[in-house]
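Working notes for the structure below.
No value in this document is a laboratory result; all are computed from the given coordinates. Just so it is clear, the model here is predicted, and its values are computed rather than measured. For neighbour counting, all protein chains shown are included, and Cβ atoms are generated from backbone atoms with ideal geometry for every residue, glycine included.
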C-alpha cells in the first residue's frame, strides 16, 4: 500500500507460495554441501490449489537441484583429491533424532490496515515543512506460515509475519542535488506499531533533518579515519567478523585459497 500526502495511490495483495529445496547427495561423511558458490534454491509454486500443478513444480525443482548436486559432488571430490588430508576434517552431517513440532495453523499475524487508513496525520508532519517537496508512505504487510519437512522425519510449522511502515520525504538543494530520507517502523502486527504520537514525532524529526540537509553547505573532500557509532558500529563489526566467529566453516574452495566468502 502506497500513499502520498494522505492520498492512496496504489494498493495490492499478492499471495505467494514458494519452496526452498536443500538436497544432498553422497553420505554423512562426505556430500555436496559446503562447496562452490551459493545459489537460489527457491521455486515459486502455482497460487491455485491445484495438486497436480503444485506436485509437478516441486518435482521439476527437485530434479534440477539433484542434477546440480551430482555435478557439485564430483567437483568437490576432485578438489579434495588434490588436497593434503586433514585429520581434523569433520563429517558432512551428524546423526540426530527427527524433531517434530505440532503443526498449527497460522493466525492473523500481520493484519493490514484498511484501504482508507493511509496515515494522513502522520504524513502531515512531513508536508508541513516548506522545504519538503514531497512526502509519502508505504505499508508492507506479510503474513503466512513457514513449514519445514525433511526426509528423515523432521517437521515443524511456525507463523511468520510483519508490518513495515515507511515514511519518506524528498527535497532539492539549491545546487540541484536531490535529498531523500526515510523513517521506518516495524512490528509483528499492525496493532503493535508505535503510537500515532510517537510516529508523528519521528516524522517531524525526519522533516527537520531533511530541511537542514537542504540548507547545509557542501563539505570539502576528506581522506582520513571514519568513526562508526551506535547501530552503524555493530553493523560494521558484524560484516567484518561474524562469518569468522559464527562457527560455520567457509566453502572448501575458499578455505583452500585462504579467503572467506561473502
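Obtain the nm distance between the two label points defined at residue 55 and residue 226 by a simple spin-label model: each point lies 7 Å from its Cα along the Cα-to-C-beta direction.
Here the answer is 5.5 nm between the modelled labels.
Among rounded, prolate and oblate, which fits the range 1-85 when a ≥ b ≥ c are the square roots of the eigenvalues of its C-alpha gyration tensor, a/c under 1.5 means rounded, and a/b larger than b/c means prolate?
It comes out oblate by the Cα gyration axes.
Is the range 183-230 rounded, prolate or oblate when judged by the Cα gyration tensor, a ≥ b ≥ c being the square roots of its eigenvalues, rounded requiring a/c under 1.5 and prolate requiring a/b larger than b/c?
In terms of gyration-tensor shape, oblate.
Tell me, what is the percent relative contact order of the range 1-100, built from C-alpha pairs under 8 Å that lie six or more residues apart?
Reported relative contact order: 31 percent.
Cβ neighbours within 10 Å, averaged per peptide: list 137-144, 157-164, 234-241 in order, most packed at the top.
Peptide ranking by packing, descending: 137-144, 157-164, 234-241.
Rounded, prolate or oblate: which fits the range 137-211 when a ≥ b ≥ c are the square roots of the eigenvalues of the alpha-carbon gyration tensor, with rounded for a/c under 1.5 and prolate only if a/b beats b/c?
Judged from the Cα gyration tensor, the range 137-211 comes out prolate (a/c at least 1.5, a/b above b/c).
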